1. Go through segment 290-335 and give me each residue that's under 20 Å from Ala271 (Cα atoms) and of a type in the set (Val, Ile, Thr).
2. Output yes when any residue across segment 257-264 is modelled with pLDDT under 85, surrounded by 14 or more Cβ atoms within 10 Å (Cβ to Cβ) and touching a helix residue (DSSP H, G or I) at 6+ places or on another chain (Cβ under 6 Å), and no when none is.
3. Say we look at segment 196-209 and pick out the residues that are in contact (Cβ under 8 Å) with a residue 12 or more places away in the chain and open to solvent by less than 40 Å² (accessible area, probe 1.4 Å); which of these is farthest from Leu229 (Cα to Cα)?
4. Test Leu287 against the criterion of being open to solvent by less than 90 Å² (accessible area, probe 1.4 Å), modelled with pLDDT of 90 or more and not in a loop (DSSP other than H, G, I, E, B), and give yes or no.
5. All but one of (1) modelled with pLDDT under 80; (2) assigned to a helix (DSSP H, G or I); (3) surrounded by 11 or more Cβ atoms within 10 Å (Cβ to Cβ) hold for Pro78; which doesn't?
6. Scan segment 99-140 for residues that are open to solvent by 80 Å² or more (accessible area, probe 1.4 Å), aliphatic (A, V, I, L, M) and within 24 Å of Gly37 (Cβ to Cβ) and jot them down.
7. Filter segment 314-328 for residues that are modelled with pLDDT of 85 or more and touching a helix residue (DSSP H, G or I) at 6+ places or on another chain (Cβ under 9 Å); which is surrounded by the most Cβ atoms within 10 Å (Cβ to Cβ)?
8. Restricting attention to segment 217-225, does a residue exist that is open to solvent by 80 Å² or more (accessible area, probe 1.4 Å) and without any contact (Cβ under 8 Å) to a residue 24 or more places away in the chain?
Amino acid sequence: MGQITVEVIRLPGSVPSANQQRSKHSTIYATKIVEAGHLKAEAEVAVLNAENQHVMCPMCRVPINEIKAKGCGISVNPCNMEEIEKQNAKKIVEAKELEKQANISSQEVKAINAKIDQLDDVIRSLTKQIRAASKIATDNAEMAREIQEGVLEKRMLLDTARKLSKKRSDITNSGVAQNRLDEEREKMRSGRQRSLPKIGQISDVYRGILSTCFPGGMDGSIELDGNGLKVDAYFSGRSDVSTAALESLKIVAFDLSAMHRASEGKTDLPAFLLHDSPREADLDSALYAAIFTLAAEWEFGSGVCSFQYIVTTTTAPPERLQGDEFVKLKMSSTPPNDRLFRTDL
């Protein structure tokens, strides 16, 4: 849609408007016409008085012809007829000049009226253009408002479409993820099923270790579920064993079970176990001694020892296991030569 530009020219405040100029020149014209009429009337009266012998002098009321013949003996200022004639002639000239100026003012008034008529036409044309431009501006504003509302509506629809698309994608992805999760669960379930025999075997070894360490009153189990291995141990006929002792015993017994299976070649682990200061303070002396006794019996029971078990401890093992055959290193804080690496770490 095209645009209409309307330029408004503002005249300085000191320049009068056309109507003001027309009024001003009309007033000048009328004033000059009136003044010219007065001067002309006065001059004509004076001429008539001078030509008419019976006309009285306005100053002394003596007939003019008598004043011309004898002079005026009444007035203090004697009548100067030549001066009066000069004044009358000057008034006539001034009257003609005023008439000339009045005619010029009349022409100026006509020219101003013509310009005013032209300006009126221009003003009417500009007024029509301004009204048309105002209507176009109003229509454009209404159109712009409708466009903005349309854009806003389209944006809302686009946002809704994006949300729906995202939800559909999430649903699709959720379905894919669920399928993958089901596949992984199935793999884990299959793996657990394949591991059940091995878990059962190591569980049997674990239960045997528990029953050996505490005969007649202790049992346990090892199970594999979705959260991993679950190792349990419980006393059936004794309640004076602390929870800390039970937890420590479960750890030690499970480690020994894994080493035993490795020594039999049933796992991919090396048959090597290092217990760095097991918490003997949490175990009573009988349980602690049973650990050493069990490991020694495994060694004695096998023709060639197929495992290596190292225990660092601050508590002496059972008496029969304190010989040089079993105790390979003794350390102490004093003297320095008895420390680890023979130095103060």
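1. Ile291, Thr293, Val304, Ile310, Val311, Thr312, Val327, listed by residue number.
2. Quick first cut of segment 257-264, residues modelled with pLDDT under 85 only: none.
Looking through segment 257-264, none of the residues is modelled with pLDDT under 85, surrounded by 14 or more Cβ atoms within 10 Å (Cβ to Cβ) and touching a helix residue (DSSP H, G or I) at 6+ places or on another chain (Cβ under 6 Å).
3. Checked segment 196-209; the qualifying residue farthest from Leu229 (Cα to Cα) is Ile209.
4. Working: open to solvent by less than 90 Å² (accessible area, probe 1.4 Å): yes; modelled with pLDDT of 90 or more: no; not in a loop (DSSP other than H, G, I, E, B): yes.
Criteria not met by Leu287.
5. (2)
6. Ile104
7. Pro317
8. From segment 217-225, those open to solvent by 80 Å² or more (accessible area, probe 1.4 Å) are 223; that's our starting set.
Okay, now just the ones that are also without any contact (Cβ under 8 Å) to a residue 24 or more places away in the chain, so none.
No, every residue in segment 217-225 fails to be open to solvent by 80 Å² or more (accessible area, probe 1.4 Å) and without any contact (Cβ under 8 Å) to a residue 24 or more places away in the chain.
The values are calculated or read from the model by the stated rules, or taken from the named source; none is laboratory data. Note that the coordinates shown come from a computational prediction; the quantities given were computed from them, not determined experimentally. Heads up, the Cβs are rebuilt from the backbone with ideal geometry, glycines too, and the neighbour counts pull from every protein chain shown. Just so you know, the surface numbers come from the protein's heavy atoms only, side chains and all, with ligands and any DNA or RNA stripped out. Shrake-Rupley method; radii C 1.70, N 1.55, O 1.52, S 1.80 Å.
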